[in-house]
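Let me begin by presenting the structure, written as structure tokens, before commenting on it.
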């Protein structure tokens with residue numbers, strides 16, 4: 001599964017979907033990591049200046065809502081989570097708007113639920129909206145609509161949502177920024193001899209066996225969901241990379257073809 005591969009094709013990516021999770025947007029104490037968000041928005045604006053098209057899939061509405069409302073943790077009830085998400089989503093978009101506006105970059109909010117992208121007409125409407133926004137030079141900021149989502153219409157996690165968005169937009173590259181360097185052959189938190197796999201060409205389901213479980217108290221995903229989304233993206237012909245989002249500038253290294261994170265090599269169509 002691993003080995004040295006010419007990553008030069010990644011640099012040719014025109015349309016890029018970047019996904020960032022709650023753990024990368026907040027500190028361990030639950031407060032918003034404004035420094036990291038600032039770096040992320042600067043990178044995205046610079047990529048836009050290069051002529052790239054970027055879609056940002058962001059988590060964080062519930063986590064930031066919990067912090068804003070000074071709650072001890074995520075609510076356990078559905079209505080509680082939806083209420084907190086309503087507060088947090090507004091704050092999250094306000095933060096992004098402020099940072100992006102410093103570089104005169106226009107952004108748009110796109111909230112999705114599974115029933116939207118499952119329906120033929122509504123899915124096409126979503127595709128049209130993305131294409132129009134990108135043609136206007138706007139950065140779509142995407143999140144699941146947690147305020148109204150219930151189990152029947154939820155994607156389950158934003159890693160999977162990022163794959164759906166990459167599909168909808170016919171992206172060339174999906175970058176999933178995580179709190180870990182990439183995909184290991186075993187859990188690095190449990191095994192000191194765990195090896196980071198830089199290149200994945202086997203897109204069968206068996207590669208998900210070694211992926212970890214759920215994320216932090218504020219997040220919902222884990223390595224398993226990131227591997228699943230990356231595998232599906234690559235199987236759809238989209239380059240996918242899992243990398244550490246501690247320093248968002250790592251996206252430059254990915255586009256420069258450096259051996260950073262874990263690359264899922266797309267199947268040729």
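Laboratory data are not the source of any read-out in this text; all were calculated from the coordinates shown. As the structure is a computational prediction, the values presented were derived from the model and not from experiment. Glycine also receives a Cβ, built like all others from the backbone with ideal geometry; neighbour counts cover every protein chain displayed.
R0 = 41 Å: FRET efficiency of residue 50 with residue 78, Cβ-based, nearest 0.05?
0.45
As a rough footprinting exposure proxy, the listed residues 92, 56 were ranked by other beta carbons within 10 Å of their own, and the order from fewest upward is 56, 92.
Could you calculate the contour length gain from residue 267 to residue 154, that is, 0.36 nm times the residue separation minus the distance between their Cα atoms, to one decimal place in nm?
Difference between extended and current length: 37.9 nm.
Within the chain, DSSP assigns beta bridges of which about 20% are antiparallel (rounded to the nearest 5).
Spin-label model, residue 106/residue 170: points 7 Å from Cα along the beta carbon direction are separated by 2.3 nm. What shape does the stretch 42-149 take by its C-alpha gyration tensor, where a ≥ b ≥ c are the square roots of the eigenvalues and a/c under 1.5 counts as rounded, a/b above b/c as prolate, and the rest as oblate? Here the stretch 42-149 falls in the oblate category.
Take residue 86, project a point 7 Å from its Cα along the Cβ direction, then tell me which residues of the stretch 96-132 have their backbone nitrogen under 14 Å from it. Residues passing the 14 Å test: none. Springs between Cα atoms under 10 Å define the GNM used for the chain, and in it the highest mean-square fluctuation of 72, 140, 248 occurs at 72.
At an R0 of 45 angstrom, the distance between the Cβ atoms of residue 71 and residue 189 translates into a FRET efficiency of 0.95.
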